[in-house]
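A.B. asks: Pasting a structure below so you can have a look.
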Amino acid sequence: MGANILNLGQSALAAAQLGISTTGQNIANASTPGYSREVVLQSAAASQQIGGVFVGQGVNVNQVQRQYSDFIAQQVNSATTSKGAADAYLSQITGLNNIIADSTTGISPTLQTFFTSIQNLASSPNGTAGAAARQATLSAAQSLVGRINGLQNQVSQISADVNGQIASSVTTINGYATQLAQLNDAIGKAQSTNNGTQPNDLLDQRDYLVTQLSQQTSVNVVQEGSQYNVFIGNGQPLVLGSQSNPLQVIQSTTDPSRNEIGYQAKGTVVQIAENSLPGGTLGGLLDFRSNLLTTTQNSIGRVAVSIASAINQQQALGQDLNGAVGTNLFTMNPTISSSSSSNTGTSQISATITNPSALTTSDYNLQYANGNYTLTRVSDGASLTSSSLPMNFDGVKFDLAPPPAGAVPGNGDQFLIRPAASAAATLAVGIIDPNKLAVATPFSTNVPSTNTGSVTMTSGVINSQVGSGSNSLTATIGAVTTDASFSASAFGTGFSLTFASGTNTLSGFPAGATVSVTNGGTTTTYKSTAPASSSVPYTSGATISVNGMSFTIGDKGTPPANNDTFTVAPSIPATATKLTFNTPANTLTGFPATANVTVKSGTTSTTYPAGTAVPYVNGATYSYSGVSFTMSGTPAKGDVYNVGPNTTGTGDNRNALLMQTIQTQNIMVGGTTTIQGAFAQFVSLIGNKTSEVQATSTSETSMLKNATNAQQSVSGVNLDEEASNLLKYQQSYQAAGKLMQIASQLFSTLLTIGQ
Amino acid sequence: MRISTNMIYQNSGSQISELQSSLNQTLQQVSAGKKILTPADDPIGSSRALVITQAAAINDQYTVNRQDVQDNLGITSGVLTNVANLLTSTRTSIISAGNGGLVDSDRAAIATTLKANLASLLSLANSTDGTGNYLFSGFSTTTMPYTQTASGATYNGDQGQRYLQVDTARQLPLSAPGEQIFGNIRTSANQFNVQADPSNTGTATLAATIDPATAANLTGNNYAVTFDSTGANFSIINTTTGGSVALTDGTTGAAITQPAPYVSGQSVKFDGMSVVITGGPPSTTPAPGDKYTIQPGNQNIFETITDAINALSAPTGNAAARKDLTAALTQANNNIDASLSNVLTVSAHVGASLQEIDSLNSAGATTKIAYAQSLSSIQDLDYAKAITTLNQQQTTLQAAQQSFVKISALSLFNYIGN
């Protein structure tokens, strides 16, 4: 009996001791991250029947139990993942937000200075004041280019930073994976050698690792016995038992400066698609890079393209101080076109911007498979399929480079084309001599004082870099429009088309050029390989496009005669022409022999074939060969009118007046807004996205806090509670000690009975 | 709910951190004086601010342009006033020269006055705008508009009109081309002003037109066609230069030696002109000594004054000469009237433009204020509100910090242990 009491005392003591040491453990690890408090679970030992009575046998300590809830832990992990993604995105976009925040670091001030300098140029085209104004314009252009380059530079730095962070996130994930595998192994061994008792500290470490991993990417844990099988993203296995499958950082096949993520599978590295790794820091970075960073680069790029293209085109319609046609004020190399390194063919794709107003902020994928080219806009997946190139999409012409390449791409070949991505980085000023700014218009008119009529003429305007003419008596060729891809140097002196009535075709296009004919909505393309050139069938009223030019040849029912020619040539220098007014026919004669004159009065517009007398209409605008002017008043018989090149007008500022209107014209985003407006839209986009991500981050933070609080309320150590436990176990120990003392006294009493 | 010690510290810590960051944000707003520190603070406002800033800058530029136009037009207006005064005094001189009681020397004195007026007029026509550009040359601002010739002056500029953008959709001219002011004096509705000499006795008519084929040879000089004593031949001389004229047959193109035989209806060509004299039966043919003068139908004021000077310098011995003088002076007066009318028309346009600039300036000033107000309402900080918020946030932060200190001091361990 004494021995029984002693045993009782001993078990009580042991239990109390364990209690104190567990409390001590809790107090010591109160601040250890990931620690779950431990609680001693004890139960009464089975009672024995002794002499018809069930006598208790003391206390058994069953377990030191870790207070841990799987369910709450999952909630914490998933909140950690969402917050990680939001935080990573926020920290990157805040950088972008700050770059464009200050009104002096955006492009707006330098853009304004540039257009102000053009207005001053209009006030002082020549002379000493002119020299100063011209130099000021060149300097303003340099500042604008410098600021755009600088902005792009800052964006590139953010891009490089994102790349670096992706790589380091992958390294971190791999580190966790290795540790998890090791822990799985240790836990498995610990549990198997100790009859299933839980190694609490190892379990805590493993769970904490899973939480840390959740911050990097989304995690799904499947428990298999004592092992955690960890899957990340959309099911990518990271840790299976004690095996870890690390991720790898690889270069993108289409852009060597971009880091992608892959995994090792049977000796090769397979790339994981970016949207298969959502959530966490990694997911946030990938999302930021593929959506916002691409949009940013393209937004800045297309602003640069629009400015350069509009100013250059206006320069080409003007005359500089030396009397020569204006050359490009801005130069740039806007397009980045890369072929995937896994392509089997050697072809490259070239992209030329034809309409800056239609540019979007997206990249484009071109894939060649089974004889068809599929062009996809990356941002929304819209696509266009065709069996041959060139394809026109969103203001860009996609073609094989150099066109047409003899080799067709290999089946399955892929290309990534970024039409405006490098515009901001490569924008530069192309003129050093201030005299080369084309302020004047190379065309003027003169009404001799010997005229007796009252007709006055406007000084005239050059409508297009290319003028057209024809010697056909029945068919006419309309005005030629040029788009952003037109190159005056490639055009040279122009070319002449000849009509063959036997085959009803037009031939004479430049060798190797691709000609498109659009009639009533359908477009047919005719390709040729140099030195051969295309021959296209003649349809009256069809629009013909070639090498960046578009024009219409048509007749009023009678087709052209055999060997009739239609010419396109540079409109500058204009031909010096003397027009004479004839009575009683009321016509003007003297236009160049091949001019097809268009007379526009009010809304009616008539084009007269070569050789036909052109009527005089009061107030009408006369256009031919790319020039036009308006005549008003009443002419008298024999009156003459001179039109031709502007040879002496150095004080002419007409082209500068036209150039300054570029600032307020809607030339961007499908013709809906100005340059400043498009940049303001971009600023608003960044601002909106930043404030959206800020709100997301705040709400995720509060959700994580709630989940963490729930977890802490189960697993967290409360020092006051531990203090009271200490007291409890201490008293328990003291009581147990007293019990043993009494048991020993009892035994002594027993022993002394016999004496 | 059970609270762990960690929770107490973490939650207080994060809350204090949040309060500090909003306090910091408010502080930055107060120091910058702006509500919008980054586009995230107000995305729509940021983008509107950019667009309004551009519009305001363009509005300011128009003000600068209007000043340029005003300066130029101011100089032009002054020149035109001087020109009008000169023309008026010239006319007065010419009218006084018509006084029958004057002798040649008196008229010669008037001619000298006119020569001085001519020189002044020429220098006014060649005025510059202060930066070295000629005002009245059209686009050719580095070329002197008028150079003096024997017959008056020729215009070397062009007909271009320079404009500046003074408002969103309005351009105003900086000046006027010389010909509009000093030229465009019509002496006749036809291409040439043909005057039969008042002392003619015959009744033939003379018509002069420009020959399109040789129009490049036009001189703009005055010519006189004189019939000899028989009335059957005539000769043509260039009265401006005093030089001789080469005649060609209008139909055959063969050269004709002077004096040319008169054939009614036969056209004679010289110096880009084609002249046809028509007369009827012998009783109405040109009589001996008949004279016709041919002047270009369009003249400039310098030619007019030079003609008047020449007329006043010619001696008036006989009645015929007197008649010539009277005709010349009348012609000159008419021309000066026409010129004055041109000058006043241009002056009126200049005045209208200057008035328009005034009204555009006041509209522009109003627009500038409107833009500034829009921008301010988007961007500028409401100081009263901000400072109140700042104080409130400071108080909250202080309270949070103080309560944290108090709560963290509470622990059971303070009471255990002896």
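A.B. asks: So, A:D161, is that one surrounded by fewer than 21 Cβ atoms within 10 Å (Cβ to Cβ) and outside any helix (DSSP H, G or I) or not?
C.D. replies: Details: surrounded by fewer than 21 Cβ atoms within 10 Å (Cβ to Cβ): yes; outside any helix (DSSP H, G or I): no.
No: the conditions fail for A:D161.
A.B. asks: Is it the case that some residue within region A:61-83 is within 30 Å of B:G33 (Cβ to Cβ) and within 14 Å of chain B (Cβ to nearest Cβ)?
C.D. replies: Narrowing region A:61-83 to residues within 30 Å of B:G33 (Cβ to Cβ): none.
No: region A:61-83 contains no residue that is within 30 Å of B:G33 (Cβ to Cβ) and within 14 Å of chain B (Cβ to nearest Cβ).
A.B. asks: Restricting to region A:430-454, and then to whatever is surrounded by 18 or more Cβ atoms within 10 Å (Cβ to Cβ) and hydrophobic (A, V, I, L, M, F, W, C), can you tell me which residue is farthest from the other protein chains (Cβ to nearest Cβ)?
C.D. replies: Checked region A:430-454; the qualifying residue farthest from the other protein chains (Cβ to nearest Cβ) is A:I431.
A.B. asks: Also, I was wondering about something else. Need at least 1 residues that are under 42 Å from the mean Cα position of the chain (by Cα) per element, so show me which strands (runs of 3 or more DSSP E) inside region A:502-570 make the cut, counting only ones lying wholly within it.
C.D. replies: Qualifying strands (runs of 3 or more DSSP E): A:515-519, A:522-526, A:535-537, A:542-546, A:549-555, A:565-570.
A.B. asks: Give the residues of region B:231-247 that are buried (at least 17 other Cβ atoms within 10 Å of the Cβ) and within 20 Å of B:T214 (Cα to Cα), sorted by residue number. Don't jump to the end; show me each part of the working.
C.D. replies: In the first step, residues of region B:231-247 are kept if they are buried (at least 17 other Cβ atoms within 10 Å of the Cβ); the result is B:231, B:234, B:236, B:238-240, B:245, B:247.
Within region B:231-247, B:I236, B:N238, B:V245, B:L247 meet the criteria.
A.B. asks: Run B:T63 past the list (1) surrounded by fewer than 21 Cβ atoms within 10 Å (Cβ to Cβ); (2) free of Cβ contacts under 8 Å to residues at least 40 places away in the same chain; (3) of a type outside the set (D, E); (4) assigned to a helix (DSSP H, G or I) and report the number of the one that doesn't hold.
C.D. replies: (2)
A.B. asks: Pick out, from region A:202-258, the strands (runs of 3 or more DSSP E) lying fully within it that include 2 or more residues that are surrounded by fewer than 16 Cβ atoms within 10 Å (Cβ to Cβ) and out of contact with any Gly (no Cβ under 8 Å at 6 or more places or on another chain).
C.D. replies: On the way: elements: A:219-224, A:227-232, A:236-240, A:247-251.
Correct list: A:219-224.
A.B. asks: Okay, next question. Please specify each residue of region A:317-346 satisfying the condition of being over 22 Å from A:T137 (Cα atoms) and within 21 Å of the chain's Cα centre (by Cα).
C.D. replies: Initial filter on region A:317-346 (over 22 Å from A:T137 (Cα atoms)): A:333-346.
Selection gives A:N333, A:P334, A:T335, A:I336, A:S337, A:S338, A:S339, A:S340.
A.B. asks: Which of the residues belonging to region B:19-43 are hydrophobic (A, V, I, L, M, F, W, C), within 12 Å of another protein chain (Cβ to nearest Cβ) and assigned to a helix (DSSP H, G or I)?
C.D. replies: Keep residues of region B:19-43 that are hydrophobic (A, V, I, L, M, F, W, C), which gives B:19, B:23, B:27, B:30, B:32, B:36-37, B:40.
Now restrict to residues that are within 12 Å of another protein chain (Cβ to nearest Cβ): B:32, B:36-37, B:40.
Matches in region B:19-43: B:A32, B:A40.
A.B. asks: Every residue in region B:218-244 that is within 21 Å of B:Q191 (Cα to Cα), assigned to a strand (DSSP E or B) and either of a type in the set (V, I, T) or over 38 Å from the mean Cα position of the chain (by Cα) (or both), please. Give the derivation first.
C.D. replies: We begin by selecting, within region B:218-244, every residue within 21 Å of B:Q191 (Cα to Cα); these are B:218-226, B:236-241.
With assigned to a strand (DSSP E or B) added as a condition, the list becomes B:223-226, B:236-238.
Passing the criteria: B:V225, B:T226, B:I236, B:I237.
A.B. asks: Being in a helix (DSSP H, G or I) and surrounded by 18 or more Cβ atoms within 10 Å (Cβ to Cβ) is the filter here; which residues of region B:1-18 pass it? Spell out how you get there, then give the answer.
C.D. replies: As a first pass, look at region B:1-18 and keep what is in a helix (DSSP H, G or I): B:5-18.
Answer for region B:1-18, where residues must be in a helix (DSSP H, G or I) and surrounded by 18 or more Cβ atoms within 10 Å (Cβ to Cβ): B:T5, B:N6, B:M7, B:I8.
A.B. asks: Filtering region A:113-136 down to residues that are in contact (Cβ under 8 Å) with a residue 40 or more places away in the chain, touching a helix residue (DSSP H, G or I) at 6+ places or on another chain (Cβ under 6 Å) and within 7 Å of chain B (Cβ to nearest Cβ), which residue is nearest to B:V51 (Cα to Cα)?
C.D. replies: Looking at residues that are in contact (Cβ under 8 Å) with a residue 40 or more places away in the chain, touching a helix residue (DSSP H, G or I) at 6+ places or on another chain (Cβ under 6 Å) and within 7 Å of chain B (Cβ to nearest Cβ), I get A:Q119.
A.B. asks: If only one of A:L657, A:L719 is at the interface with chain B (Cβ under 8 Å from one of its Cβ atoms), of a type in the set (A, V, I, L, M, F, W, C) and under 30 Å from A:R134 (Cβ atoms), which one is it? Steps first, answer last, please.
C.D. replies: Working: A:L719 fails: under 30 Å from A:R134 (Cβ atoms).
Exactly one of A:L657, A:L719 is at the interface with chain B (Cβ under 8 Å from one of its Cβ atoms), of a type in the set (A, V, I, L, M, F, W, C) and under 30 Å from A:R134 (Cβ atoms), namely A:L657.
A.B. asks: Please give the strands (runs of 3 or more DSSP E) falling wholly within region B:114-177 in which 1 or more residues are within 25 Å of A:T661 (Cβ to Cβ) and at the interface with chain A (Cβ under 10 Å from one of its Cβ atoms).
C.D. replies: Details: elements: B:146-149, B:152-155, B:163-167, B:170-173.
Fully inside region B:114-177 and qualifying: B:163-167, B:170-173.
A.B. asks: Which numbered condition in (1) more than 8 Å from chain A (Cβ to nearest Cβ); (2) assigned to a strand (DSSP E or B) is the only one that B:T214 fails?
C.D. replies: All conditions pass for B:T214, except number (2).
A.B. asks: Look through region B:200-211, keep the residues that are buried (at least 17 other Cβ atoms within 10 Å of the Cβ) and hydrophobic (A, V, I, L, M, F, W, C), and return whichever of them is nearest to the other protein chains (Cβ to nearest Cβ).
C.D. replies: Per the criteria, the residue is B:I210.
A.B. asks: Which of (1) among the small types (G, A, S); (2) over 38 Å from the mean Cα position of the chain (by Cα); (3) assigned to a strand (DSSP E or B); (4) over 26 Å from B:T326 (Cβ atoms) does B:G253 not meet, given it meets every other one?
C.D. replies: (3)
A.B. asks: Please tell me if B:N6 is at the interface with another protein chain (Cβ under 7 Å from one of its Cβ atoms), under 30 Å from A:L719 (Cα atoms), out of contact with any Asp or Glu (no Cβ under 7 Å at 6 or more places or on another chain) and not aliphatic (A, V, I, L, M).
C.D. replies: Criteria met by B:N6.
A.B. asks: Could I ask something else about it? In region A:439-463, what count of residues is obtained for those that are of a type in the set (A, V, I, L, M, F, W, C), out of contact with any Gly (no Cβ under 7 Å at 6 or more places or on another chain) and within 19 Å of B:Q191 (Cα to Cα)?
C.D. replies: To start, the set of residues in region A:439-463 that are of a type in the set (A, V, I, L, M, F, W, C) comprises A:439-440, A:443, A:447, A:455, A:457, A:461-462.
Checking which are out of contact with any Gly (no Cβ under 7 Å at 6 or more places or on another chain) leaves us with A:447, A:457, A:461.
Retained after the next criterion (residues that are within 19 Å of B:Q191 (Cα to Cα)): A:447.
Of the residues in region A:439-463, 1 are of a type in the set (A, V, I, L, M, F, W, C), out of contact with any Gly (no Cβ under 7 Å at 6 or more places or on another chain) and within 19 Å of B:Q191 (Cα to Cα).
A.B. asks: Can you name the residue in region A:720-744 that is surrounded by 19 or more Cβ atoms within 10 Å (Cβ to Cβ) and touching a Ser or Thr at 6+ places or on another chain (Cβ under 7 Å) and, of all such residues, is farthest from A:Q10 (Cα to Cα)?
C.D. replies: Among them, the one singled out is A:E722.
A.B. asks: Go over the candidates A:G460, A:G548 one by one and state the one that is at positive phi, within 14 Å of another protein chain (Cβ to nearest Cβ) and in contact with a strand residue (DSSP E or B) (Cβ under 6 Å, 6 or more places away or on another chain).
C.D. replies: Values: A:G548 fails: within 14 Å of another protein chain (Cβ to nearest Cβ).
Matching residue, one of A:G460, A:G548: A:G460.
A.B. asks: A further question on this structure: Name the residues in region A:259-272 that are assigned to a loop (DSSP other than H, G, I, E, B) and within 20 Å of A:V378 (Cβ to Cβ), would you?
C.D. replies: First, pick out the residues of region A:259-272 that are assigned to a loop (DSSP other than H, G, I, E, B): A:266-267, A:272.
A:I272 - this is the single residue of region A:259-272 that is assigned to a loop (DSSP other than H, G, I, E, B) and within 20 Å of A:V378 (Cβ to Cβ).
Here, each number is a calculation from the coordinates, and none is a lab measurement. Given the structure is predicted, the values throughout are model-derived calculations rather than measurements. Cβ: placed from backbone, ideal geometry, glycine included. Neighbour counts: every protein chain shown.
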